Amino acid sequence: MKLLMIYARKFAYNPTIKVLEDAEEVSSGKSFEEVQVAFIQMEKEDEERMNAVETKLVKNLKWVAGKNKARHIVLHSFAHLSESKADPGLTKEFFDSTQKRLEKTGYKVSQTPFGYFLDLDINAPGFSLARVFKSF
């Protein structure tokens with residue numbers, strides 16, 4: 001798994017191109033303020049260790065969100081951090097499971113539309129833990 005975590009004063013998206021045929025239809029974007037955004041790439045090798053990867057992901061997100069005093073986390077599928085890509089269906093299931101797990105611990109969680117290219121608007125401050133990359 002590759003994970004790029006960016007704390008954003010503002011994070012907004014608008015769907016532009018649907019790239020997965022069976023993706024849910026989405027026609028409008030959303031905007032968030034004071035959020036921890038997770039750019040996540042599940043890799044092929046993660047398919048066989050999804051529980052362990054999910055545990056590490058949740059721990060990392062809770063840690064960085066706590067450091068940045070963010071109670072809202074946005075999960076964004078970002079298949080541009082590695083050449084290895086997991087099955088899209090498994091990836092979506094993984095995102096849904098991760099969201100439920102984070103919500104059970106009191107976080108508000110949103111997901112960007114899965115299976116779309118998006119126009120992104122990110123306003124990220126320049127301090128140490130505003131941008132953190134992890135590979136596991």
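The values are calculated or read from the model by the stated rules, or taken from the named source; none is laboratory data. Note that the structure is a prediction, hence the values are computed from the model and not measured. No Cβ is skipped: glycine too gets one built from the backbone with ideal geometry, and neighbour counts run over all protein chains shown.
Things worth noting here:
- Evaluation of residue 79 against the conditions (1) modelled with pLDDT of 95 or more; (2) within 22 Å of residue 132 (Cβ to Cβ) shows that the sole unmet condition is (1).
- Of the residues making up the range 61-70, one or more are in contact with an Asp or Glu (Cβ under 7 Å, 6 or more places away or on another chain) and either over 19 Å from residue 124 (Cα atoms) or among the hydrophobic types (A, V, I, L, M, F, W, C) (or both).
- Screening 93, 54, 103, 43 for residues that are under 15 Å from residue 4 (Cβ atoms) and charged (D, E, K, R) leaves exactly one candidate, 43.
- Qualifying residue in the range 86-98 (condition: under 26 Å from residue 20 (Cβ atoms), small (Gly, Ala, Ser), part of a helix (DSSP H, G or I) and in contact (Cβ under 8 Å) with a residue 12 or more places away in the chain): yes
- Extreme residue, nearest to residue 58 (Cα to Cα), among residues of the range 80-99 that are surrounded by fewer than 16 Cβ atoms within 10 Å (Cβ to Cβ) and under 14 Å from the mean Cα position of the chain (by Cα): 97
- Residue 127 being out of contact with any Leu (no Cβ under 9 Å at 6 or more places or on another chain) and within 18 Å of residue 20 (Cα to Cα): no
- Only residues that are assigned to a helix (DSSP H, G or I), of a type outside the set (Asp, Glu) and surrounded by fewer than 17 Cβ atoms within 10 Å (Cβ to Cβ) were counted across the range 100-136, and they come to 4.
- Among the candidates 68, 60, the residue that is of a type outside the set (A, V, I, L, M), surrounded by 14 or more Cβ atoms within 10 Å (Cβ to Cβ) and in contact with a Phe, Trp or Tyr (Cβ under 6 Å, 6 or more places away or on another chain) is uniquely 68.
- Among residues of the range 15-49, those that are surrounded by fewer than 18 Cβ atoms within 10 Å (Cβ to Cβ) and in a helix (DSSP H, G or I), counted: 5
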